[in-house]
Each structure stands twice: as C-alpha cells, then as structure tokens.
1. Residue pairs, Cβ under 9 Å, 6 or more apart or interchain, first in region 241-262 and more than 26 Å from Gly29 (Cα to Cα), second buried (at least 18 other Cβ atoms within 10 Å of the Cβ) and among the β-branched types (Val, Ile, Thr). List them.
2. Which condition breaks for Ser120 when tested against (1) closer than 21 Å to Ile56 by Cβ; (2) free of Cβ contacts under 8 Å to residues at least 40 places away in the same chain?
3. Give me a count of the residues in region 206-236 that are open to solvent by less than 10 Å² (accessible area, probe 1.4 Å), under 15 Å from the mean Cα position of the chain (by Cα) and without any contact (Cβ under 8 Å) to a residue 40 or more places away in the chain.
4. In region 147-166, how many residues are out of contact with any helix residue (DSSP H, G or I) (no Cβ under 7 Å at 6 or more places or on another chain), among the charged types (D, E, K, R), within 15 Å of Lys83 (Cα to Cα) and open to solvent by 70 Å² or more (accessible area, probe 1.4 Å)?
5. Return the only residue of Leu90, Leu103 being in contact with a His (Cβ under 9 Å, 6 or more places away or on another chain), open to solvent by 50 Å² or more (accessible area, probe 1.4 Å) and aliphatic (A, V, I, L, M).
6. Could you figure out which of (1) over 23 Å from Cys259 (Cα atoms); (2) in a loop (DSSP other than H, G, I, E, B); (3) at pLDDT 95 or above isn't true of Ser93?
7. For Phe183, indicate whether it is aromatic (Phe, Trp, Tyr) and part of a strand (DSSP E or B).
Amino acid sequence: MIGKIFLLILKSLFKKILNSKQSEPLPIGLPKNHRLYCIGDIHGRLDLLEEAHQKIANDALNFNGIKILVYLGDYVDRGMHSKQVIDCLLGNSFSDFEKMFLLGNHEQVLLQFLRSKEPSIAHDWFRFGGLSTLLSYDVRVQGIPTSKDLERLRIEFREKLPATHLGFFDQLVLNYEIGGYFFVHAGVKPKVKLKRQRPEDMLWIREEFLNSDVFHGRVIVHGHSVTDEPEMRHNRIGMDTGAYASGRLTCAVFEDAGCQFL
C-alpha cells in the first residue's frame, strides 16, 4: 500500500515537472520582426563610436521592423574623449530605434566620486582611467593628484558636468532582457536567478562568470572583460575588445536566432 502511494506521488511530481517545462519554453533568439544592435565598451573612443554608428545606419537602412540599439556601458575613462562620447550618445541620431543604455562599473565609480568624499574612491577611479575623463571636461589636472587636490577636482567636475550628462549617468540601467538574451555590463553570478542578481555582480564580476559553463536561462551578452576577439559560447557572448587600446570597438547584430558582427 505504501509502495503504491509512493509511486502515485512520483507520477504526480513527474507530471508537474513536464507541464512546467511545456508551459515555460526557453525563448530562442529575438521576437519576429526585431533586429538588435549591441555596442561593447567604448571608453572615450569617439572615433570608433562614430564609425560603429555609421555601420549600423547602413546595415539598418532597409530593415522595416523594430530596431533596437543596446550599449553595454563603460562609455567614459581611458580614452581621451569621454565628454564627446556622451554628447554623441545624447544626440538625435537613431530616432527610429529603441535605445537602451546600460550602467558600467566606470560610470558607477564616476557617480561615487561626485557624491562621496572618500579618498579611496577617487584614487581607484584615477587609477583606471578617471583622469582622462576629467581632462575631457576641461577640469584642471596638474600631475598626479594628491589627497589635498581631491575636493577641488570634485567641485570643478560638478561645475563643468552638464546637467544633461548627469541625468544620463543617473538613468543608466543595470540590464536589459529580450527574447533569449540578457544584456548586462559584466555578467551574472552562476546559479542565481537573473531576477535576483546583485548590482555589484552585474557591474564587476569576472572569473566566476567567465569560467562557468552553467546556462543562465538566457544567453548573457556582456562587456567588461577584454578579449582579442568577441567570445561566443553556448551561455554567453563577450563583446569587450579593448577599444581604447586596440582600436577595435565591437558591434553585434541580433536577428531571429542569429548573431553576427559588424
């Protein structure tokens, strides 16, 4: 009798698992009549951004469906034209596209520098490219800043940062999900549901995500970690090809279940 009850419970559980899998099929690719362009880490390279924009405009010219443009964050630092990159992103081009601007860890630290007097934040930002951003906004930087220079630099940056630029940084989003893809700056923590990902992981994670073979429910499209060529794996697509140093800014085109690079 106990054995029969146990078998009935097993059958019931098995049926529930099958029904749940049938009712929630994994999405593949993009919805029909959609084309999505995605640009990796720009890091102050206005020249490469303008080149990518021109290629996108040419490629999308005869497409009459829904067009989406996703930027993976890290618009500033390292390259010499951070301010000009933000001006370009705020321009009126691609008015017929839906545009999604993701937050990168470099924008996160820029905002922390503006709003915190903690010296370690300033020194960390300067160490990985913040000084070039200050220079692009015509902030006076004389040699390597010391602790006594920080408040002057912060005040001058606040004064010279246009309100539209601050609004842009404040409105950046952590991720964007569509179809079978999840777009995020750095990646996700394996074995944690996408809806429960921590901001710090989405902005900073590296090895634990990069070395994982776990499928995360969607293909993760990310930047942050530099490779010589774009990386395409079954669970992720890496798009940071080190534009500021390599001169190569990667742009991917997603349509149906396909992905190719401009």
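The values are calculated or read from the model by the stated rules, or taken from the named source; none is laboratory data. Bear in mind the structure is a predicted one, so any value in this text is a computation, not a measurement. Glycine gets a Cβ as well: all are built from the backbone with ideal geometry, and neighbour counts include every protein chain shown. We work out accessible area using only protein heavy atoms, side chains counted, and drop any ligands, DNA or RNA first. Shrake-Rupley method; radii C 1.70, N 1.55, O 1.52, S 1.80 Å.
1. Ala243/Ile42; Ala243/Thr250; Tyr244/Ile42
2. Condition (1) is where Ser120 drops out.
3. Within region 206-236, residues that are open to solvent by less than 10 Å² (accessible area, probe 1.4 Å), under 15 Å from the mean Cα position of the chain (by Cα) and without any contact (Cβ under 8 Å) to a residue 40 or more places away in the chain number 2.
4. 2
5. Leu90
6. The number of the failed condition is (3).
7. Yes.
Listed here are the residues, each with its yes/no results for (1) modelled with pLDDT of 95 or more; (2) of a type in the set (Lys, Arg); (3) buried (at least 16 other Cβ atoms within 10 Å of the Cβ).
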position	(1), (2), (3)
Leu10	no, no, no
Ile17	no, no, no
Asp41	yes, no, yes
Arg45	yes, yes, yes
Leu49	yes, no, yes
Ala52	yes, no, yes
Asp74	yes, no, yes
Phe97	yes, no, yes
Gln108	yes, no, yes
